[in-house]
Structures are given as C-alpha cells and as structure tokens.
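What follows is a short report on a single structure.
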C-alpha cells in the first residue's frame, strides 16, 4: 500500500513539474518575442536616422548661410580750436 501511495505522490509531483516547465517555457518565448520587437525597432530607428542624416547632409551642400559683415564707418574726429 505504501508503494502505491509513493508512486501516486511522485506522479502528482511530476505533473506539477511539467506544468511549471510549460509555464516557464511560455514566459521565455514571450521574452524572446519582446527582444525581437525591440531589436527590430532599434534597427528601424537607426535606418530613419541614417536617412535623415543623409538628406540633411545633401541639403547643406545647397543651402548657404551667409554671416552678416560688420561695416565700420569712420566719423571725423572733432577738431579742437
């Protein structure tokens, strides 16, 4: 009788462990999915930044910003008489 009881307890423990393993596997799969989403988003963001940098770099060749020049006018010195 004791042997049958022990085997029953071992089967119950084994089923509990299988459930825990499946739960852990599901959680790990979810984490892997999130990792792929994050890496994909980072790659897309890098592509957008590279494209914007290229466009701004090319645009800067065509746009010239001139600095205003400072014109100094001379005034006659007051004469002392």
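The values are calculated or read from the model by the stated rules, or taken from the named source; none is laboratory data. Quantities reported herein were computed from a predicted structural model and do not represent experimental measurements. We place every Cβ from the backbone using ideal geometry, glycine too, and count neighbours over all the protein chains shown.
Yes/no matrix, rows are residues, columns are (1) loosely packed, with under 10 Cβ neighbours inside 10 Å; (2) touching a strand residue (DSSP E or B) at 6+ places or on another chain (Cβ under 7 Å); (3) at pLDDT below 95; (4) not in a helix (DSSP H, G or I):
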position: 3; (1), (2), (3), (4): yes, no, yes, no
position: 42; (1), (2), (3), (4): no, no, no, no
position: 49; (1), (2), (3), (4): no, no, no, no
position: 60; (1), (2), (3), (4): no, no, yes, no
position: 65; (1), (2), (3), (4): yes, no, yes, yes
position: 70; (1), (2), (3), (4): yes, no, yes, yes
position: 78; (1), (2), (3), (4): yes, no, yes, yes
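Tell me whether the range 13-26 contains one or more residues that are surrounded by 10 or more Cβ atoms within 10 Å (Cβ to Cβ), on the phi < 0 side of the Ramachandran plot and modelled with pLDDT under 85.
No, the conditions are met nowhere in the range 13-26.
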